[in-house]
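Student: Have a look at the structure that comes next, please.
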Amino acid sequence: MFDYDLVIIGAGVGGHGAALHAVALGMKTAIIEAADMGGTCVNRGCIPSKALLAAAGRLRQLQDKETLKALGIAVEQIQVDRAGVATHAQEIVAKIRGDLTRSLERLGVTTLPGWGKVVDPQKVSITQDGQETLVTAKNVLIATGSYPWVPPGIEIDGQTVFTSDDALKLAWLPPWIAIVGSGYIGLEFADIYTALGCEVTMIEALEHLMPTFDPDIARLARRVLLEARDVETKVGMLAQKITPGKPVVVELADAKTKELKEVLEVDAALVATGRLPATENLGLEALGIERDRRGFIPVNPQFNVLKNGEPIPSLWAIGDAIGTMMLAHAAAAQGRVAVENMLGQNKAVNYRAIPAAAFTHPEISFVGLTEPQAQELGQKEQFPVASVRSYFKGNSKAIAEGEAEGLAKVIYRSDTGELLGVHIIGAHAADLIQEAAAAIATQTPVQQLAEIVHTHPTLTEVLDEAFKRASLALTSQ
Ligand SMILES: Cc1cc2nc3c(=O)[nH]c(=O)nc-3n(C[C@H](O)[C@H](O)[C@H](O)COP(=O)(O)OP(=O)(O)OC[C@H]3O[C@@H](n4cnc5c(N)ncnc54)[C@H](O)[C@@H]3O)c2cc1C
C-alpha cells in the first residue's frame, strides 16, 4: 500500500539514529537529505568542533611548562600550523560522513537526495534540481534540525563576523575576537581561540555567564576557563549592532535599558547566541500545524506532531526541530523512541537522565537538575534537597596527571537518597558523567552508588568520593 514503512526528512544524527533502528526492527525505510549527510553534528557541530578542541587541548598541555617540568619533560619549541589544524577537522568530518552514509546503504536504508516537504501525514514530496517526486509512507518523521540564530542588528559576512558554521573552518586566526554568547558553543570556541593565541572578549546579555550551568560550576568555570586565560568578559551587555569589516565594530548596550555603553573595534566576531529550528517550507502550515513562537514543532511525549493539541498518528518529529534538548545524543534517543512508538509501543525519553557536556579544557558535564532547579522542585513537591562536593585535587590520578583543578557536585534527595543532578568540571568530565547518567536512568540512590567499587587510581573516584559523602550524610542524619 505504501512505498515505505517510514520516510525520514533529514539525515542528521536524529534521522540517522531513527533510520538504523527502524531497519533493525524490520521497517522499510527511506531518508531524505537536502544537503550533507550527517547534518549539523557531523558537518558543522560536534565532530569538527571536537577535532579543533583536540588540537587546542594538546597545545595547552605543551604550553603548560610548569606541569611538564614537574613530569620531567621540557619542550623547546611549539609550532602551530593553522591550516593543518583545520585540515585535520575537515578530514575527520569527511571520514565520519562517509562512515555514516555507508552504514545507511549497508543496512538497506534508501537515501533520497533533495528537499523534503510534508504533503499530507503519509505523503512527502522531494524536490531535487527542479524535479518533484512523491513518496508515500505509513509513518513520516521530521528530523530537519536547526541553524544558528543571529539576533537582529548583527550582520554576518562569513569572513569577519560569523557563526559556528564558518568558525569551524578556521580560515584565519583573528588576533582579537569578540564571542557573543557564553553557552557551550561560545565557551568551546573561547577555548580553541585562546589556545591558538587569540585574544577573546566574551559578551553575555544575561546577568551571569554560562546561565545554564549550576552556579558553583559556572563560578569555577569562569575562574579556570576565562579569568586564568585573560578572557575579558562583558556581562549584562547586548551586542545590539555588529558591522563586519576591518575593524569589526561591536556596539554594546546595557541589556536592560538598551542604552549604548561601549563600542569595541575587534578583528572578528563569532555569534553564538543559540539556534533556531529548520522547520520553514516543510508544508506544515498547509496541514494546519502551528509551530511555536520560535518555530519549534509541537509534539507529545511519544513524538507525534500535534495539530490543535491533538497527535497526528502517522506524523512524527524529533531532534533540534522540536527543541526539547538540542544535543546529538538526545536527537538519536528521540529517534529510537519515536520508531518504537510507530510499532505500537508507548515510550518516552527520560530527559533527566540525558547528560550534556562542554568539551573545554577542563571539560564541564552535567546530568539532571542544577541545585536551584532541585531546590525549586523540592519546595514544590515537599521533599528535602542536599548536595555534596568532591574535588579533583584530592584524587590521586588527577594529581599524577597534573590536572587537579576541578570539582564534582552531587545533588540528591536527603530523605530517600534519589540522585537529582550531578555536575562536574575537571579532566575528562564528559566521560565521567556517564556513571551518574546511568544511576539517574536506573534510579539508583546514593546509598547504593556508594557501595560500588571504583578502580584505583582513576578519575572515577571523584564521583565515588561524592557518593560516599552523600551516603554518609544520609546515614548520620
Ligand atoms: C558548533 C556545534 C557544536 C556542537 N557540539 C555538540 C556536542 O559536542 N555534542 C552534542 O550532543 N551536540 C552538539 N551539538 C548539537 C548537535 O549538533 C545537534 O543537536 C544535532 O546535530 C541535532 O541533530 P538533528 O538530527 O536534530 O539535526 P541536524 O543534525 O541539524 O540534521 C538535520 C538535517 O536535516 C536536513 N534538512 C533540513 N530540512 C530538510 C528538508 N526539508 N529536506 C531534506 N533535508 C532537510 C539538513 O540538511 C540536516 O542535514 C553541536 C552543535 C554545534 C552547532
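No value in this document is a laboratory result; all are computed from the given coordinates. Bear in mind that the values here come from a model prediction, so they are computed numbers and not experimental data. Using ideal geometry, Cβ is built from the backbone for each residue, glycine included, and neighbour counts are taken over all protein chains shown.
Student: Under the Cβ-under-4.7 Å rule, which cysteines of the chain stay unpaired?
Tutor: Cys198
Student: What is the sum of charges, Lys and Arg at +1 and Asp and Glu at -1, for the other residues whose Cβ falls under 12 Å from the Cβ of Phe366? Could you put the intermediate results ahead of the total?
Tutor: Values: positive: Arg352, Lys409; negative: Asp214, Asp216, Glu363, Glu371.
That works out to -2.
Student: Now a separate question. Separation of region 408-451 and region 281-323 by C-alpha centroid, Å?
Tutor: Here the two parts' Cα centres lie 34 Å apart.
Student: Quick one: which residues, 5 or more positions from Gly421 or on another chain, have an amide H under 5 Å from its amide H? H modelled 1.01 Å from N in the peptide plane, none for Pro or chain starts.
Tutor: For Gly421, the qualifying residues are Leu369, Ile411.
Student: If you average the sequence gap of Cα pairs under 8 Å that are 6 or more apart and divide by the length of the chain, what percent do you get for the contact order? Can you show the working numbers first?
Tutor: Values: 1026 pairs, mean separation 65.0, N = 477.
For the chain, the relative contact order is 14 percent.
Student: So in region 352-475, what percent of DSSP beta bridges are antiparallel if you round to the nearest 5?
Tutor: Working: 22 of 22 bridges.
Antiparallel: roughly 100 percent of the beta bridges in region 352-475.
Student: Separate question: Counting only Cα atoms, I'd like the Rg/Rh figure for region 352-475, Kirkwood definition for Rh. Write out the running numbers ahead of the final one.
Tutor: Numbers: Rg = 13.6 Å, Rh = 14.2 Å.
When Rh is taken as the Kirkwood radius, the ratio is 0.96.
Student: Leu260: net charge of surrounding residues, Cβ under 12 Å, Lys/Arg +1, Asp/Glu -1, itself excluded? All intermediate terms of the calculation are to be shown ahead of the outcome.
Tutor: Numbers: positive: Lys241, Lys258, Lys261; negative: Glu251, Asp254, Glu259, Glu262.
Charge balance near Leu260 sits at -1.
Student: Around Ala11, with a cut-off of 14 angstrom between Cβ atoms, what is the net charge of the other residues, counting Lys and Arg +1 and Asp and Glu -1? Let's see the in-between values first.
Tutor: Working: positive: Arg44, Arg97, Arg102; negative: Glu33, Asp36, Asp99, Glu105, Asp320.
My count for the surroundings of Ala11 gives -2.
Student: Between Gln443 and Arg293, what FRET efficiency comes out of the Förster formula 1/(1 + (r/R0)^6) with R0 = 41 Å and r the beta carbon distance, rounded to 0.05?
Tutor: Efficiency at R0 = 41 Å is approximately 0.70.
Student: Looking at the chain, send over the antiparallel percent of its DSSP beta bridges, to the nearest 5. Please report the intermediate quantities before stating the final value.
Tutor: Working: 52 of 84 bridges.
Among the beta bridges of the chain, antiparallel pairing accounts for roughly 60 percent.
Student: Pairs of Cα atoms under 8 Å, at least six residues apart: use those to get the relative contact order of region 77-185, whole percent. Before the final figure, lay out the partial values.
Tutor: Values: 69 pairs, mean separation 22.0, N = 109.
Taking the mean separation of contacting Cα pairs over the length of region 77-185, I get 20 percent.
Student: Between Rg and the Kirkwood Rh of region 130-197, both from Cα atoms, what is the Rg to Rh ratio?
Tutor: Rg/Rh for region 130-197 comes to 1.18.
Student: Now for a separate question. Filter Lys169/Lys234; Lys123/Lys347; Lys50/Lys169; Lys50/Lys409; Lys28/Lys347; Lys347/Lys380 down to the pairs with a C-alpha to C-alpha distance above 19 Å, please.
Tutor: Numbers: Lys169/Lys234 26 Å; Lys123/Lys347 25 Å; Lys50/Lys169 13 Å; Lys50/Lys409 25 Å; Lys28/Lys347 21 Å; Lys347/Lys380 26 Å.
Where the Cα-Cα span goes over 19 Å, the pairs concerned are Lys169/Lys234; Lys123/Lys347; Lys50/Lys409; Lys28/Lys347; Lys347/Lys380.
Student: How would you order 105-111, 68-74, 208-214 from highest to lowest mean count of nearby Cβ atoms within 10 Å?
Tutor: Numbers: 105-111: 14.0, 68-74: 10.6, 208-214: 19.7.
Taking the mean over residues of other Cβ atoms within 10 Å, the ranking is 208-214, 105-111, 68-74.
Student: Glu199's amide H: which non-local residues (gap 5+, or another chain) put their own amide H closer than 5 Å, with H modeled 1.01 Å from N in plane and none for Pro or chain starts?
Tutor: Placed amide hydrogens put Trp176, Ile177 under 5 Å from Glu199.
Student: Same structure again: When only C-alpha pairs under 8 Å and at least 6 residues apart count, what is the relative contact order of region 352-475, in percent? All intermediate terms of the calculation are to be shown ahead of the outcome.
Tutor: Details: 265 pairs, mean separation 36.0, N = 124.
Result for region 352-475 is 29 percent.
Student: Any chance you could get the radius of gyration and Dmax over the Cα atoms of the chain, in Å?
Tutor: 23.6, 72
Student: Taking amide H atoms as placed 1.01 Å from N in the peptide plane, list the residues 5 or more away in sequence, or in a different chain, whose amide H sits under 5 Å from that of Asp36.
Tutor: Hits under the 5 Å cutoff: none.
Student: OK, next. Run the helix sum for the chain: -39,500 (n - 2.57) per DSSP H stretch of 4+ residues, divided by residue count, reported at 222 nm to the nearest 500 deg cm²/dmol. Show your work: numbers first, answer last.
Tutor: Working: 14 runs with 155 residues, N = 477.
Mean residue ellipticity at 222 nm (helix-derived): -10000 deg cm²/dmol.
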